[in-house]
């Protein structure tokens, strides 16, 4: 498998013709031809996010496997942009899932203190958190919902749109406006 060079040629059919041909026939050779045009870009994107050559190569193949089913169910107007989003989301999910399973070895000689140790949070940090929580509650419902999903639950724009049912552009707008309103509210309430 070649990951570096761009195998696309000048006389090949347009992407959408191949997409429609694959949807109609289910022929993996057609899909392979289409994916082959952009595989080097997908590999570069995966390498950028995953920072590991072997994981990136594996991701390129996993993304191809996703294409087999996802391409049949999605309406695509620009294959290259759609593939970029699919690949980026795949890499982000890989990063997110690998972070959830991080194990820290415990040494036998390490013991907890006898006395209960409290988190070292001073009053100003606690006040800041209370102000932020109060300001978040004052936002419009759409802004509060999208900001909570995006920042607190670390969902991507597409996931927020899927969960809320809002249009993707509306999600971006709600998050941007909500972030601005949240900052204004926090600044106003932080002044003592």
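Compute the Kirkwood hydrodynamic radius of segment 15-99, taking the inverse of the mean of 1/r over all pairs of distinct Cα atoms, and give it in Å to one decimal.
Result for segment 15-99, one decimal place: 13.0 Å.
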From fewest to most C-beta neighbours within 10 Å, the residues 68, 175 line up as 68, 175
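Only the coordinates and a few stated rules stand behind these numbers; no lab work does. Note that the structure is a prediction, hence the values are computed from the model and not measured. Using ideal geometry, Cβ is built from the backbone for each residue, glycine included, and neighbour counts are taken over all protein chains shown.
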